[in-house]
Amino acid sequence: DVTIFPNPVNHKMNIKLDQSANISILNSLGAAVYTQNLNPGINSVDVSKFTNGIYFITSNSGSVLKFIKK
């Protein structure tokens, strides 16, 4: 299970995982802008350099979550 907060996000986003997962952050065009293997627990991802807009997080578990960078 994957949880993200805060949403919308300005600088740092927290991704909470129940188990290790390879996650990708995709922009609204479907291009990967970030990929990382994360451990269980709360992981912090710096999105401050992303342009404002809608993004999607996918994981190898099949989860897809949407977040807004503003």
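The values are calculated or read from the model by the stated rules, or taken from the named source; none is laboratory data. Worth saying up front: this structure is predicted, and the values here are computed from it rather than measured. Note that we place each Cβ from the backbone using ideal geometry, even for glycine, and neighbour counts take in every protein chain shown. Heavy atoms of the whole protein, side chains included, go into the accessibility calculation; ligands, DNA and RNA do not. Shrake-Rupley method; radii C 1.70, N 1.55, O 1.52, S 1.80 Å.
Miscellaneous remarks
- Any strands (runs of 3 or more DSSP E) falling wholly within segment 21-61 and containing at least 3 residues that are within 13 Å of Val2 (Cβ to Cβ) and either of a type in the set (S, T, N, Q) or touching a strand residue (DSSP E or B) at 6+ places or on another chain (Cβ under 9 Å) (or both): 21-26, 41-46, 53-59
- Qualifying residues in segment 1-20 (those that are in a strand (DSSP E or B), open to solvent by less than 70 Å² (accessible area, probe 1.4 Å) and not hydrophobic (A, V, I, L, M, F, W, C)) - the one modelled with the lowest pLDDT: Thr3
- Filtered residues of segment 17-48 (kept if among the small types (Gly, Ala, Ser) and under 14 Å from Asn60 (Cβ atoms)): Ser20, Ala21, Ser24, Ala32
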